[in-house]
Structures are given as structure tokens and as C-alpha cells.
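Read through the structure below, which is laid out as C-alpha cells, and then see the notes.
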Amino acid sequence: MIDVLGPERRRRRTPQEKMAIVQQSFEPGMTVSMVARQHGVAASQLFLWRKQYQEGSLTAVTSGEQVVPASELASAMKQIKELQRLLGKKTMEVELLREAVDIGRQKKWIAHVPLLPEDGE
């Protein structure tokens, strides 16, 4: 497939083509410049693809996964951990309150307490 942008032609490579070119550039006796010339790609572009390949983002694209920046992933992971911590804290609070209500009922300190939804009574 060729996309024409102005007077020059620009070829769009599929992720599979990029992977094949990158893998060829890692073969013994091959240089980035040599492989780039063979495929009509700028050496700088091939270096970028190699970097993406080593980071795993080129592979993710071929498997149909969405690629996000590492900083965005780190931020999302931090937010997930914080939410898990808060959920754990709230779960503990609920459990402590349930135990307190049960003790209050057993000792008859609490009269006419509405049933909690999970009690099933």
C-alpha cells in the first residue's frame, strides 16, 4: 500500500513487515544501514523500530494490543494500588462494625437494630 503525500511517495509498513526488517537487522553480519537500504527505510527509522521492538511495543502492535506510554501505565498502576488500599481499608471498617453490632446484639446492649442486608434474618 502506498500513500502519496505531496510529490514523494511514502510506504506504510505493517507491524509484521517492521518485525521482519528489525529481526533481519539483528542477524549476524547485518548492519542497520545495510538492512535499511535493502528495504528503502531510513536508518533512523530502523533504529526507532529496533528500540520499539526491544521495549515490546512493536510486538504489542502486531498482536493487536493497544500501546500506551510507560509513564501512563505507571500512573494507572499507582492509582490501582491506591484504590485497592482504600477498598481494603473500607472492607476492614465494615467487618469491624458488623462484629460490633453482633456483640451489641448478643449482650443486648443494642435494642431494635435494623438487620444488615447480609444477615438474611
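Quick one: is Gly56 within 15 Å of Ala20 (Cα to Cα) and of a type in the set (Gly, Ala, Ser)? Explain how you work it out, then say what you get.
Working: within 15 Å of Ala20 (Cα to Cα): yes; of a type in the set (Gly, Ala, Ser): yes.
For Gly56, the condition - within 15 Å of Ala20 (Cα to Cα) and of a type in the set (Gly, Ala, Ser) - is met.
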So, in segment 60-81, of the ones that are part of a loop (DSSP other than H, G, I, E, B) and open to solvent by 80 Å² or more (accessible area, probe 1.4 Å), which residue ends up modelled with the lowest pLDDT?
Glu65
Give segment 103-113 a look and list any residue that's in a helix (DSSP H, G or I) and open to solvent by 70 Å² or more (accessible area, probe 1.4 Å), or say none.
Ile103, Gln106
Among the residues of segment 45-54, are any in contact (Cβ under 8 Å) with a residue 40 or more places away in the chain and in a helix (DSSP H, G or I)?
no
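Answer yes if at least one residue in segment 6-26 is among the β-branched types (Val, Ile, Thr), surrounded by 12 or more Cβ atoms within 10 Å (Cβ to Cβ) and modelled with pLDDT under 90, and no otherwise.
Looking for residues that are among the β-branched types (Val, Ile, Thr), surrounded by 12 or more Cβ atoms within 10 Å (Cβ to Cβ) and modelled with pLDDT under 90, one finds none in segment 6-26, hence no.
Listed here are the residues, each with its yes/no results for (1) in the same structural domain as Leu46 (by the TED database); (2) of a type in the set (D, E, K, R); (3) modelled with pLDDT under 90; (4) touching a Cys at 6+ places or on another chain (Cβ under 8 Å).
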| residue | (1), (2), (3), (4) |
| --- | --- |
| Leu58 | yes, no, yes, no |
| Leu83 | no, no, no, no |
| Lys90 | no, yes, no, no |
| Glu95 | no, yes, no, no |
| Ile103 | no, no, yes, no |
| Pro114 | no, no, yes, no |
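The values are calculated or read from the model by the stated rules, or taken from the named source; none is laboratory data. On a predicted model such as this, the values are computed, not experimentally measured, just so you know. Heads up, the Cβs are rebuilt from the backbone with ideal geometry, glycines too, and the neighbour counts pull from every protein chain shown. Just so you know, the surface numbers come from the protein's heavy atoms only, side chains and all, with ligands and any DNA or RNA stripped out. Shrake-Rupley method; radii C 1.70, N 1.55, O 1.52, S 1.80 Å.
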